[in-house]
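Peer 1: Before I ask anything, here is the structure I am working with.
We did not get these values from a lab; they are worked out from the coordinates using the rules stated. In this text, all values refer to a predicted model and were calculated from it rather than measured experimentally. Here the Cβ positions follow ideal geometry from the backbone for every residue, glycine too, while neighbour counts run over all protein chains shown.
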Amino acid sequence: MSGAREEILARIRLATGEVAAPEETDAAYAALPRPYRRAHHDPSAADIVALFAERAADYRAVVERVPEDEVPGAVAAAVDSLPSVVVPDGLPGGWLAGLQPDVRLVRDEPPLSAAELDRIAGVVTGCAVAIAETGTIILDHGPGQGRRALTLVPDFHLVVVRAGQVAADIADALARLDPARPHTLISGPSATSDIELIRVEGVHGPRNLHILIGG
Amino acid sequence: MPTYLGMPAFPDAAKRAVADSQLRRNLTHATTAIRTKRAKAVAELDDWEQLRQAAKAIKDHTLANLGTYLIRLEENVTRAGGHVHWARDAAEANAIVANLVRQAGADKAVKVKSMATQETGLNEALEAQGTTVIETDLAELIVQLGDDRPSHILVPAIHRNRAEIGELFRRTMDDAPPGLTDDPPQLAAAARAHLRHEFLTARVGISGANFAVADTGSLVVVESEGNGRMCLTLPDTLISVVGIEKVLPSWRDLEVFLALLPRSSTAERMNPYTTIWSGVTPGDGPQDFHLVLLDNGRTDTLADRTGRQALRCIRCSACLNVCPVYERAGGHAYGSPYPGPIGAILSPQLRGVDSPIDASLPFASSLCGACYEVCPVAINIPEVLVEQRARVVESQKHYPERIVFSASGYVLRSPRRLAAAQRVASLGRLVAGRSGRIRRLPPPLSAWTDTRDAPVPPPESFRAWWARNRGAGR
C-alpha cells in the first residue's frame with residue numbers, strides 16, 4: 001500500500017519538477033490573484049434578509065418572515081398538521097412554547113435509529129448561517145441542529161433562521177464556519193434534474209422545507 | 001479506465017447515433033434548455049470572468065504543487081480520524097474498496113454517483129466478489145435498471161426521455177406503484193420509494209468527492225436529490241474514491257468553486273444539497289471513513305504541459321451541453337465515462353491513444369471553441385485537441401490522410417502526372433449526387449469522404465482548357 005503512495009508521489013515529482021518548500025508554496029498561494037468580488041450585495045445598502053427570503057423561495061421552499069417574538073406562534077402553526085416532530089438538543093426552548101399538545105415531540109435520546117426517524121413526520125431546527133445571494137441555509141449540526149440524520153430522514157424540515165445569521169454571500173458565510181465540523185448546505189427541498197434536465201422537487205431528502213426568518 | 005469492449009472509433013459510433021432520431025430529439029431538447037438557463041445563471045454574476053480566472057489560477061497552482069497538497073490532505077484527514085489509501089490504477093482502487101467492504105462484513109453497498117468509480121469500473125469489480133452495488137442517483141438508477149451506459153457527466157440518462165424512463169420503471173422496478181405515469185414528479189417519487197429501505201439499512205456507503213480541502217481535510221460532495229446525504233450520513237462505513245486532482249489548498253477556495261460549479265452544471269445559484277465533512281465526527285454519521293486517492297493516468301496527464309490543464313476540470317458538463325458534436329452524436333459514441341469535449345481530451349490522456357476509439361477522440365470536434373468559452377476553469381479544449389491530433393498522426397504512420405497528402409505531393413511535383421490525375425478526377429463526376437457533392441468515394445479514398453464531402457471535379461481542368469483554346473497549337 002505504501003508502495004503506491006511513494007510511487008504516485010514520485011511520479012508527481014517527475015511531472016511537476018522541483019518541489020518547492022512548503023513555506024514557498026504557501027507564499028505563492030497567498031499571492032494568487034483573486035479579482036472577484038467577495039460579496040455581490042452590500043449588507044449596509046441592501047436588505048440582504050429580504051434577498052435571502054426571495055431567493056430561498058425561488059427553490060420552492062416555504063419562506064416566512066416574522067418578528068422575533070412571534071417565532072413560537074409561527075413554529076406552532078407550521079408543524080400543526082404533523083403528528084410528530086423530532087427536536088434536537090439545544091433548540092431554544094421558547095421556540096416550542098406555542099405547540100399544540102397533540103403534536104408528539106420526540107427527543108434524539110438515546111439516538112434514534114434510521115428506521116425510527118423514518119416514522120417521524122418532521123424536524124424543527126435552527127441553523128449556523130444562511131447565504132442571501134444563493135438562498136442557502138447552512139447547518140453545522142451543533143446545538144439546536146442535531147446530528148445530520150435528523151434533518152435528512154423526516155419528510156418535513158422547519159428551520160428557524162435569525163436575521164443576524166444571514167450572510168450576504170458565499171465567502172462571508174464560509175468564513176463564519178468551523179471547518180472541523182460536518183456541514184450541510186441546503187438550497188430548497190430535495191430535487192432532481194435527471195429527467196430531461198428539468199428540475200423536479202421531492203426525491204430522497206425532505207420534500208418540504210419551511211424556512212422561518214425571525215427578526 | 002475501461003475502454004468499452006469492442007468500442008468502434010468515434011466516427012463509426014457517431015454515424016450510428018446520428019441515425020437515431022429519437023436520441024437526437026432527446027439530446028437537443030435537454031441541451032437547448034440547459035444552455036439558456038446556464039447563460040442566465042452566469043449573467044447574474046457580473047464578475048464571472050474574474051471568478052473563472054481565480055479558479056484557473058488556484059487549480060494551476062495546486063497542480064504545480066500537487067505532492068505538497070496531497071500530503072497535507074492526507075495528514076489532515078488522518079488527524080480527523082479518517083484513513084487514507086493510495087491507488088496507482090483502477091484495479092488497485094477497486095481492490096482496496098472491495099477489501100474494505102469485506103472488512104465491514106457487508107454484502108451490499110449504496111453508492112452516490114461518482115465519475116472516479118465509473119472510471120475504475122468499481123461496480124463490476126464489486127459485483128464480481130458478490131457485493132451488490134446500489135446506484136442511488138436517479139439517472140444512475142435509470143442506467144442500471146436499463147442495463148445501459150451513462151452518456152453525460154451530470155445527467156447520465158440524458159439520452160432517455162420521460163416516456164422511455166416510465167416504460168423502464170414499469171417493466172423493471174418490482175415495487176413500482178400501480179398506475180405509474182411518465183410524469184417526472186411521479187417517476188422521482190417511485191425512485192424515492194424504491195430506494196428508501198436500502199438507505200435506511202445500508203452499512204456501507206461509497207462516494208466520490210467534488211473537492212478535497214488540504215488544509216482542513218474536508219471532503220465536499222455536491223448533489224441535488226439527497227441520495228448523497230443518505231449515502232454519506234446513514235451507513236457505518238464510508239469509502240470515498242477521489243482523483244488526486246480534486247484537492248484544493250484551502251477552505252477559502254470553496255468560495256470560488258461553490259460559486260462556479262452549480263451555475264455551470266445545473267444552472268442554479270446553488271444546488272439543493274452540499275455535504276462537507278472532515279474525517280469522523282463522534283455520534284454523527286459514519287464512524288469508519290476511508291479516502292482512496294486515485295492516480296489512474298493522472299500523473300501522466302500532469303507531465304504534459306499543455307494537456308495538464310484538463311486536470312483543472314470540475315466535471316460540471318457545461319462543455320457537453322454547448323457542443324454541436326455532442327448534441328448530435330450523444331455521449332455513448334465517446335466510448336468512455338467522460339463524453340463530450342472534456343472526454344475527447346481527457347480519455348486519450350488517461351488511457352493513451354492505442355485503441356481506435358482513443359485515437360479518434362481528438363478528431364471528434366469541429367474546434368468551434370464553445371467549450372472553452374463556457375468552461376468555468378478556462379480549459380482551452382481546442383488547444384489540447386490540436387496538440388493531441390498531432391500526436392495521433394505522429395504515432396500512426398499510415399494514417400489515411402497522411403497517404404492522401406503524400407500522394408498529392410507526388411502528383412503535384414510533375415506536370416505530366418498532374419494532367420493525368422486531372423483527367424481521371426473528371427471521371428469523379430460520375431459518382432456525384434444531384435447535390436453536386438461526392439458523399440462517398442471507394443477505398444482508399446473513402447478515408448477522405450468518411451468525414452467530409454468532396455467537391456465534384458470540373459468536366460475539364462483549367463490546364464486542359466488552356467491547352468485547347470490558347471495552347472501552342474493555335
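Peer 1: Can you classify the protein assembly as shown as rounded, prolate or oblate using the Cα gyration tensor, where a ≥ b ≥ c are the square roots of its eigenvalues, rounded means a/c under 1.5, and otherwise it's prolate if a/b beats b/c and oblate if not?
Peer 2: The shape class here is prolate.
Peer 1: Skipping prolines and chain starts, which residues have an amide H placed within reach, meaning under 5 Å, of the one on B:VAL84, given they are 5 or more residues away or on another chain?
Peer 2: Excluding prolines and chain starts, which carry no amide H, the hits are B:LEU291.
Peer 1: Could you give the length gained by full extension between B:ALA420 and B:GLN50, i.e. 0.36 nm per residue of separation minus their alpha carbon distance, to one decimal place?
Peer 2: 127.2 nm
Peer 1: Over chain B, what relative contact order in percent results from Cα pairs under 8 Å that are six or more residues apart?
Peer 2: Working: 782 pairs, mean separation 93.8, N = 474.
Answer for chain B is 20 percent.
Peer 1: Where the centre of each part is set by its Cα atoms, how far does the range B:58-103 sit from the range A:153-215, in angstrom?
Peer 2: Here the answer is 29 Å between Cα centres.
Peer 1: Taking neighbour Cβ counts within 10 Å as the exposure measure, how do B:GLU255, B:GLU245 sort from fewest upward?
Peer 2: Least to most surrounded, the residues fall as B:GLU255, B:GLU245.
Peer 1: Rounded to the nearest 500, what is chain B's calculated 222 nm mean residue ellipticity when only DSSP H runs of at least 4 contribute -39500 (n - 2.57) each, over all residues?
Peer 2: Details: 23 runs with 237 residues, N = 474.
Taken over chain B, the calculation gives -15000 deg cm²/dmol.
Peer 1: Please compute, for peptide B:82-95, the average count of beta-carbon atoms on other protein chains lying within 10 Å of each residue's beta-carbon.
Peer 2: Values: counts 0, 0, 2, 3, 9, 4, 6, 1, 0, 0, 3, 1, 0, 0.
Mean partner shielding for this stretch: 2.
Peer 1: How large is ³J(HN,Hα), in whole Hz, for each residue of the range B:281-286 in order, when computed from phi with the Karplus curve 6.51 cos²θ - 1.76 cosθ + 1.60 and θ = phi - 60°, using x for Gly and Pro?
Peer 2: Karplus values, whole Hz, x for Gly and Pro: 10, x, x, 9, x, x.
Peer 1: For peptide B:251-257, how many partner chain Cβ atoms fall within 10 Å of a residue's Cβ, on average?
Peer 2: Averaged over the peptide's residues, the number is 5.
Peer 1: GNM on chain A, C-alpha springs below 10 Å: top fluctuator among A:ILE186, A:ILE138, A:ILE12?
Peer 2: Among A:ILE186, A:ILE138, A:ILE12, the largest mean-square fluctuation in the Gaussian network model of chain A belongs to A:ILE12.
Peer 1: What average count of beta carbons from other chains do you get within 10 Å of the Cβ of residues in A:131-139?
Peer 2: Per-residue shielding by partner chains comes out at 3.
Peer 1: Then there is this: Can you put A:GLU18, B:GLU49, B:GLU327 in order of Cβ neighbours within 10 angstrom, beginning with the fewest?
Peer 2: Going from least to most buried by this count: A:GLU18, B:GLU49, B:GLU327.
Peer 1: Can you sort B:VAL110, B:VAL424 by how many other beta carbons sit within 10 Å, fewest first?
Peer 2: Listed from fewest to most nearby Cβ atoms, that is B:VAL424, B:VAL110.
Peer 1: Classify the range B:1-79 as rounded, prolate or oblate from the Cα gyration tensor: take a ≥ b ≥ c as the square roots of its eigenvalues, call it rounded if a/c is under 1.5, otherwise prolate when a/b beats b/c and oblate if not.
Peer 2: oblate
Peer 1: In whole Å, what is the distance between the alpha-carbon centres of the range B:113-141 and the range B:300-357?
Peer 2: 21 Å
Peer 1: Still on this structure, I have one more. Once you have a ≥ b ≥ c as the square roots of the Cα gyration tensor eigenvalues for the range A:83-205, tell me rounded if a/c is under 1.5, and otherwise prolate or oblate according to whether a/b is larger than b/c.
Peer 2: It comes out oblate by the Cα gyration axes.
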